[in-house]
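These notes are about the structure you will find just below.
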Amino acid sequence: MTAQLSVSWLSKAPTVPERFVPSGARICPTTLTTSATLSSQSPTIQIVGVKSPSWQENGCANSNTFHGDQGESTWADLDTDLYYWTKAIRPVQWFPGHIAKAEKELKEQLKLMDVVIEVRDARIPMSTSHPQMDLWLGNKKRILVLNREDMISTADRNAWAAYYARQGIKVVFSNGQLGMGTMKLGRLAKTLAVDVNVKRRAKGLLARPVRAGIVGYPNVGKSSLINRLLKRKMCPAAPRPGVTRELRWVRFGKDLELLDSPGILPMRLSDQSAAIKLAICDDIGERSYDVADVAAILVQMLTRLPLVGADALHKRYRIDADVLSGTTFVEKLALSLFNGDVHQAAFRILADFRKGKFGWTALERPPR
């Protein structure tokens with residue numbers, strides 16, 4: 001069934017919002033007829049000046065360009081465009097009151113920890129890295145956990161594994177929901193802190209359990225990871241940020257204690273490209289961002305990701321990602337499925353990405 005576009009809608013639709021056009025591009029809209037439908041010929045918009053020749057003359061996306069290109073230049077160009085896309089939208093900022101209190105308490109507890117387990121979202125490892133974490137930890141032993149490994153491709157996983165191996169960082173890939181990687185994590189934590197009790201015995205002190213603190217951004221899966229380690233639900237966990245609000249020590253067997261901590265964010269998110277990725281991956285409160293803006297940027301990212309492309313969007317919604325404007329795509333989806341409700345359409349796109357409806361893929365690759 002086709003959805004007829006009204007004259008009033010068409011009068012507003014032709015232009016692509018400049019805030020979502022990559023740097024260096026210019027838009028040349030042609031005349032649109034009032035008889036256009038969503039399933040018939042789409043508005044013809046020519047994008048010129050884009051770095052990669054990935055758009056056909058009639059404005060339709062040539063998604064095959066990106067499916068075959070796994071090179072670093074694709075990701076570098078995407079990062080550059082994302083920087084400019086975020087310039088014209090409302091800044092994403094989120095710092096609930098409980099985070100300030102939790103951060104202060106965490107800094108005190110860090111002094112008691114033998115090893116720190118930092119959990120990040122495997123889809124966005126760089127964006128879920130706290131800028132002050134290195135300063136807080138100093139020379140303390142650390143294990144990096146990339147959680148939700150089931151939500152990224154094998155190519156993504158291999159790229160990040162090689163990147164951290166070159167830096168000599170011990171990394172564990174895990175799935176906190178299913179428990180993959182948790183036993184390896186427990187063994188590694190005990191191994192890194194084995195010298196704790198050696199030193200205590202040398203001083204004539206009794207052995208004690210190794211203390212491991214689990215830290216990271218909101219909703220990256222810290223509590224779920226602990227529950228899987230313990231094989232029972234000891235810490236509250238839910239698929240939304242801000243569930244854990246207090247620090248809590250729990251015992252894992254006789255020789256390991258784990259500290260579950262609330263998600264810690266910087267007071268100000270100065271990197272808005274990272275902030276947008278946090279919003280896309282649901283690692284930040286929904287009130288902190290405009291859902292329609294974030295969904296529009298996600299659409300533009302998906303059309304350019306090597307493992308997704310415009311074909312995946314068309315297959316899911318039967319709508320062509322035919323212009324370099326995520327806003328236009330969201331509006332089309334709203335008319336097609338939600339009686340013009342842009343908010344519902346935007347939320348559907350974000351929810352589908354989070355559920356892997358476009359395939360599992362990371363939104364970041366290691367820096368050069």
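The values are calculated or read from the model by the stated rules, or taken from the named source; none is laboratory data. Fair warning: this is a prediction, and the values are worked out from it, not measured in the lab. Please note: Cβ atoms are built from the backbone with ideal geometry, for glycine as well, and neighbour counts cover all protein chains shown.
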Item checked: Selection from region 146-190 of residues that are within 20 Å of Phe353 (Cβ to Cβ), of a type in the set (Gly, Ala, Ser) and modelled with pLDDT under 85 -> Gly176
Checklist line | Condition met for Ala193 (surrounded by fewer than 21 Cβ atoms within 10 Å (Cβ to Cβ), assigned by TED's automatic domain parsing to the domain that holds Asp114 and modelled with pLDDT of 80 or more) | finding: no
Next item on the list: Looking only at region 281-296, decide whether some residue is under 16 Å from the mean Cα position of the chain (by Cα), assigned to a helix (DSSP H, G or I), polar (S, T, N, Q) and within 24 Å of Pro96 (Cβ to Cβ).
Entry: yes
Next item on the list: Within region 299-313, identify whether any single residue is free of Cβ contacts under 8 Å to residues at least 40 places away in the same chain and either outside any helix (DSSP H, G or I) or in contact with a Lys or Arg (Cβ under 7 Å, 6 or more places away or on another chain) (or both), and answer yes or no.
Entry: no
Item checked: In region 106-161, residue surrounded by the fewest Cβ atoms within 10 Å (Cβ to Cβ) [restricted to those that are free of Cβ contacts under 8 Å to residues at least 12 places away in the same chain and of a type in the set (Gly, Ala, Ser)] -> Gly138
